[in-house]
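Okay, so here's the structure we're looking at.
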Amino acid sequence: SASYVRNESEGETTANAVMLGFRAQRAFSPRLAAFTEYAYFRDRFAGVLNRNSVVGGVSYKVVDEARHLLSIDGGLGYLNERRLVPPSVSSAVYAAGGGYRLKISETATFTDDFRFTGTFAEAGDWRISHVAGVTARLTTLLSLKVSNTIRYANRPVTGFRHTDTTTSVALVAKF
C-alpha cells in the first residue's frame, strides 16, 4: 500500500506526508497466519524525517463471515525514526492491532483498522494509528475511498503535537 497526502491553504503547504507499506502473510489454518510487514513513513509537519519499521508476528481471524471480518494480530520488530529535532528513536518494538471489515453491498465496504506500537527502549514511547474508511468500487480496477486517519504519538517530536488527523478522498487502484 502507498499513500501521499499534500494540502495547501492560502498558498502555503500545510501537509505533506508519505506512507508506504508491505505485508506478506502465510496461512497455517483458515483463521491463523504468520505475517511480516515493512512500513516507511515521512511527515516533516509531524517532525518525522523518516521512519522505517519491520514487524513479524501472528494474525488470527476472530470472525470470518461473508459480510463481517474481524482480525487481531500481534508481533515484535524494530523501528528506526529519524526526527527533525533530536533525539531520534531506534528500538525493538512490540505491536498489536485489529481490523474490521463490513461488506455494505456488492460494491461498498467499511473498514476500521487500529494499530498500537510501543518501544522496548522507553516504556512511555508508543504510537497509535486508527484508520476508518468507506470504499466504493467504480470499476474492477478503481475504487473511491473516503477515510479518516488519526495518528497519536505519546512522546512526539519536541515542539510538535501528539495527535495528527487526516481526512481524505482518494482514487484507489487494486491489482
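The values are calculated or read from the model by the stated rules, or taken from the named source; none is laboratory data. Please read all numbers here as calculations on a predicted model, not as lab measurements. Methodologically, a virtual Cβ is constructed for each residue, glycine included, from the backbone with ideal geometry; neighbour enumeration extends over all protein chains shown. Quick note on the areas: whole protein, heavy atoms, side chains included, nothing else; ligands and nucleic acids left out. Shrake-Rupley method; radii C 1.70, N 1.55, O 1.52, S 1.80 Å.
Numerical summary
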quantity: Hits in the stretch 124-135 - residues which are open to solvent by 40 Å² or more (accessible area, probe 1.4 Å) and within 17 Å of residue 78 (Cβ to Cβ); calculated: 126
quantity: Residues (open to solvent by less than 80 Å² (accessible area, probe 1.4 Å), under 17 Å from the mean Cα position of the chain (by Cα) and hydrophobic (A, V, I, L, M, F, W, C)) located in the stretch 74-93; calculated: 79, 93
quantity: Number of positions in the stretch 136-175 that are open to solvent by less than 90 Å² (accessible area, probe 1.4 Å), in a loop (DSSP other than H, G, I, E, B), among the polar types (S, T, N, Q) and under 21 Å from residue 41 (Cβ atoms); calculated: 1
quantity: Near pairs, Cβ below 7 angstrom, 6+ apart or cross-chain, from the stretch 94-116 (over 14 Å from residue 149 (Cα atoms) and open to solvent by 50 Å² or more (accessible area, probe 1.4 Å)) to any residue that is basic (Lys, Arg) and assigned to a strand (DSSP E or B); calculated: 107/137
quantity: Count - residues of the stretch 36-51 that are within 13 Å of residue 14 (Cα to Cα) and part of a strand (DSSP E or B); calculated: 1
quantity: Near pairs, Cβ below 6 angstrom, 6+ apart or cross-chain, from the stretch 35-47 (within 15 Å of residue 149 (Cα to Cα)) to any residue that is of a type in the set (Phe, Trp, Tyr); calculated: 46/160
quantity: Residue tally, condition in contact (Cβ under 8 Å) with a residue 12 or more places away in the chain and within 21 Å of residue 162 (Cβ to Cβ), over the stretch 121-137; calculated: 11
quantity: Subset of the stretch 30-50 (residues that are of a type in the set (Val, Ile, Thr) and either surrounded by fewer than 15 Cβ atoms within 10 Å (Cβ to Cβ) or under 30 Å from residue 62 (Cβ atoms) (or both)); calculated: 36
quantity: Selection from the stretch 94-112 of residues that are under 14 Å from the mean Cα position of the chain (by Cα) and within 17 Å of residue 66 (Cβ to Cβ); calculated: 99, 100, 111
quantity: First in the stretch 12-29 and open to solvent by less than 50 Å² (accessible area, probe 1.4 Å), second anywhere and of a type in the set (A, V, I, L, M, F, W, C), Cβ under 6 Å, 6 or more apart; calculated: 15/5; 15/45; 17/5; 21/39
